[in-house]
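Chemist: First the structure, which I've put down as structure tokens, then a few questions once you've had a look.
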Amino acid sequence: MKLKIQKTETLKPRPKDSELSFGTLFTDHMFNMDYHPDKGWHNPRIDPYHAIEMDPSTMVLHYGQAIFEGLKAYRTESGDIQLFRPRENFKRFNQSARVMCIPEIDEDLALDALKQLLIIEKEWVPHSLGTSLYIRPTIIAMDPFLGVRASHTYRFFIILSPVGAYYSEGFNPVKIWVTKDHVRAVRGGVGYVKTAGNYAASLFAGELASKNGYTQVLWLDGVDLKYVEEVGSMNIFFLIDDELITPNLQGSILPGITRDSIINLAKVWNMKVSERRISIDEVFEAHSAGKLQEIFGTGTAAVVSPVGVIKYEDKIIHIGTGEVGPVANKFFAALTDIQYGMKDAPEGWIETIAPSL
Ligand code: COI
């Protein structure tokens, strides 16, 4: 399918790397493609970045039939631009599409379109370590209709945003709040899918956490209210007595690509790694026994984010010394060395786009 390209005549001012936060600025162009049952996915195009005009009855606005992905383009020391495991994102995008009754996309076409967009927007990829160009592929339901059913028409778009750290704490430990009063997802639901509603469902408890001085909510399972699930914007890892533990993917947790990469690295380093159920009581008991060494979250936006404090009911624990732990530090360094092209990556993890193309 041929990609139509229309370039803008007015380029936006580009920010300095030091001014970047997360998700506030967008580049000059975007990718768009439409779905119609008679035509399938059609009209792939790169357009100037623009607002999407929609009827107030458009289905995505009412029933949230929307899926998205998050990945990043990194600038290497030699000036190249590279993507980290992008095929995994488009694979997961299609898995989300299946669950949300959205027609699947051609993953090769999507990756190719993204690379062409990145070549046009190459100057927007920041240069400093810790900065990157965040990529947000999204599909939304476009039928103007108020009955509850899957939409017949869709828009797929990709927007790009130059970013710095996701949390205002940067790489410093964040404080998380465990709640038993709210749940994010249950098995049999859509918690393992990157769909808009999962994030909307997390907002109320997130606001409560924030009012109490906590950065994020650590969710427990929706049945026993006992087992740790994820943080919503990241997966979670515990280092207890030299065992690296992360909750297993049992249907309500997002299968994070950074999560998978950390598990991979830990295995290469011969660490004891377990994907298993871990109860919040086990975490607090390990702390009392002096065995809880570190906690950190992982995600594309969050990278590797150490956790310094956890509050659960009336108990608050401080993890380690209040500084970033050595294991979180080692994973952060290894991952970012690969992402910024400073170390060799495992086979298939990096796709390079040379800006001179
Ligand atoms: C990502 O890490 O890319 C995500 O999609 C999480 C998002 C809520 C910022």
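Each reported figure results from applying straightforward, stated rules to the coordinates on display, with no laboratory input. As the structure is a prediction and not an experimental result, all values here were calculated from the model. Positions of Cβ are generated from backbone atoms using ideal geometry, with glycine treated the same way; all protein chains shown enter the neighbour counts.
Chemist: Out of Ala302, Ala51, Ala185, any idea which swings most in a Gaussian network model of the chain, alpha carbons joined below 10 Å?
Modeler: In this elastic network of the chain, the residue with the biggest mean-square fluctuation among Ala302, Ala51, Ala185 is Ala51.
Chemist: Using the count of nearby Cβ atoms within 10 Å as a rough guide to exposure, how do Glu69, Glu282 rank from fewest to most?
Modeler: Ordered from fewest to most neighbouring Cβ atoms within 10 Å, Glu69, Glu282 come out as Glu282, Glu69.
Chemist: Taking H as built 1.01 Å from N, whose amide H comes closer than 5 Å to the amide H of Glu294, not counting residues under 5 places away?
Modeler: Distant-sequence amide H within range of Glu294: Leu239.
Chemist: By the gyration tensor of its Cα atoms, with a ≥ b ≥ c the square roots of the eigenvalues, what is the shape of region 190-241: rounded for a/c under 1.5, prolate for a/b over b/c, or oblate?
Modeler: Here region 190-241 falls in the oblate category.
Chemist: Additional query: Could you put Lys226, Lys39 in order, starting from the residue whose Cβ has the fewest other Cβ atoms within 10 Å?
Modeler: Lys39, Lys226
Chemist: Can you give the % of DSSP beta bridges in the chain that are antiparallel, to the nearest 5?
Modeler: 80 percent
Chemist: Right, something else. Name the residue, out of Val183, Val174, Val223, whose mean-square fluctuation peaks in a Gaussian network model built on the chain with Cα pairs under 10 Å.
Modeler: Val223
Chemist: Ranking Leu225, Leu220, Leu160 by Cβ neighbours within 10 Å, fewest first, what do you get?
Modeler: In increasing order of surrounding Cβ atoms, one gets Leu225, Leu220, Leu160.
Chemist: Among Glu323, Glu88, Glu347, which one moves the most in a GNM of the chain with springs linking Cα atoms closer than 10 Å?
Modeler: Of the options given, Glu347 has the highest mean-square fluctuation.
Chemist: Which whole-angstrom value gives the distance between the alpha carbon centres of region 286-357 and region 143-210?
Modeler: Cα centres, region 286-357 to region 143-210: 21 Å.
Chemist: With each label point set 7 Å from Cα along the Cα-Cβ vector, what nm distance links Glu104 and Tyr199?
Modeler: 2.5 nm
Chemist: Can you figure out the FRET efficiency of Glu77 with Tyr49, using R₀ = 41 Å and their beta-carbon distance, to the nearest 0.05?
Modeler: 0.90
Chemist: Classify region 146-201 from the C-alpha gyration tensor, please: rounded if a/c falls under 1.5, else prolate or oblate depending on whether a/b exceeds b/c.
Modeler: oblate
Chemist: Using DSSP to call loops (not H, G, I, E or B), can you name the trypsin sites (Lys or Arg not before Pro) in region 301-349 whose Cβ has at most 12 other Cβ atoms within 10 angstrom?
Modeler: For trypsin sites (Lys or Arg not before Pro) across region 301-349 that sit outside H, G, I, E and B with at most 12 neighbouring Cβ atoms in 10 Å, the list reads Lys343.
Chemist: Using 0.36 nm per residue, how much length does the chain from Lys115 to Val223 gain when fully extended, once their Cα-Cα distance is taken away?
Modeler: Length gained between Lys115 and Val223: 34.6 nm.
Chemist: Next question. Could you list log10 I(q)/I(0) for region 106-233 at q = 0.10, 0.12, 0.13, 0.19 Å⁻¹, which the Debye formula gives when each Cα is one point scatterer?
Modeler: With one equal scatterer per Cα and no solvent, log10 I(q)/I(0) is -0.50, -0.71, -0.81, -1.15.
Chemist: Then there's this: Pairs of alpha-carbon atoms within less than 8 angstrom and 6+ residues apart define the contacts here; what relative contact order does the chain have, in percent?
Modeler: Normalised by residue count, the contact order of the chain is 19 percent.
Chemist: What net charge do the residues around Ala141 carry, taking every other residue with its C-beta under 14 Å from that of Ala141, with Lys and Arg at +1 and Asp and Glu at -1?
Modeler: -1
Chemist: Can you spot the lysines whose alpha carbon is less than 27 Å from Lys226's alpha carbon? Ignore those fewer than 8 places along the same chain.
Modeler: Excluding near neighbours in sequence, the set is Lys175, Lys180, Lys194, Lys211, Lys272, Lys291, Lys311, Lys315.
Chemist: Scale the Cα Rg of the chain by the rule-of-thumb value 2.2 N^0.38 Å and send over the ratio, two decimals.
Modeler: Working it through for the chain, the quotient is 1.01.
Chemist: Lys91: which aspartates and glutamates have alpha carbons under 15 Å from its alpha carbon, excluding same-chain residues fewer than 8 sequence positions away?
Modeler: Lys91 reaches Glu69, Glu104, Asp106, Glu107, Asp108, Asp112, Asp260.
Chemist: Additional query: In sequence order, what are the phi-derived ³J(HN,Hα) couplings for region 145-152 according to the Karplus relation 6.51 cos²θ - 1.76 cosθ + 1.60 with θ = phi - 60°, rounded to whole Hz, with x for glycine and proline?
Modeler: Rounded to whole hertz, the list is 6, 9, x, 8, 6, 5, 5, 9.
Chemist: So if R0 is 56 Å, what FRET efficiency would Arg87 and Lys211 give, r being the distance between their Cβ atoms, rounded to the nearest 0.05?
Modeler: 0.90
Chemist: Give me the number: length gained by fully extending Lys180 to Phe22, i.e. 0.36 nm times residue separation minus the C-alpha to C-alpha distance, one decimal in nm.
Modeler: That pair, Lys180 and Phe22, stretches by 54.0 nm at full extension.
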